[in-house]
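The values are calculated or read from the model by the stated rules, or taken from the named source; none is laboratory data. Only a predicted model underlies this, so the values are computations on that prediction, with no experimental measurement involved. Methodologically, a virtual Cβ is constructed for each residue, glycine included, from the backbone with ideal geometry; neighbour enumeration extends over all protein chains shown.
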Amino acid sequence: MPSTMAARGRRALDRKLAELRPIGRFTAPPKGWIKALREALAMSQADLARRINVTQASVASMERSEAGGKIQLDTLQRVAEAMGCDLVYALVPRRSLEATLRDAARRKLAPHLRAVAQTMSLEDQDSSPEADLIEDEVERLITSGRVWK
């Protein structure tokens, strides 16, 4: 793989994101983080409401929204600050960014490679493209920035 800025950046980001796996460590409690942490801090909804300058009913609504996956990040940030917490937000790829990108490039090239293989078989030529040639095409596609286009 050529040492392009994008490839180096991708590898660096892959290393950083690998530290977050397995993501199961970060699964929210069933009642949501706000309620779980608020209760652990022996803080009532009314106490939290005063700290963020909203009504107790608004805190109850925030807790329901968060547990249902509907809360806005800015709201979650305000609540985190009020409870002395840091909000951590991340998108963690299921696989490495490099593997995801290479697989996408291979999928995009697949119809072309099938057509080449069929043409070669009609001409009685070897129809199995060499792995190195395929990887060269994958690299060329990645470098072109057209994998997702």
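Take Val92 and tell me if it is touching a helix residue (DSSP H, G or I) at 6+ places or on another chain (Cβ under 6 Å) and under 24 Å from Gly9 (Cβ atoms). It would help to see each step written out before you state the result.
Details: touching a helix residue (DSSP H, G or I) at 6+ places or on another chain (Cβ under 6 Å): yes; under 24 Å from Gly9 (Cβ atoms): yes.
Criteria met by Val92.
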Would you confirm whether any residue within segment 6-18 is modelled with pLDDT of 90 or more, farther than 30 Å from Thr143 by Cα and touching a Leu at 6+ places or on another chain (Cβ under 7 Å)? no
Please verify whether Glu98 is assigned to a helix (DSSP H, G or I), under 30 Å from Gly9 (Cα atoms), in contact with a helix residue (DSSP H, G or I) (Cβ under 9 Å, 6 or more places away or on another chain) and at pLDDT 90 or above, treating the condition exactly as stated. yes
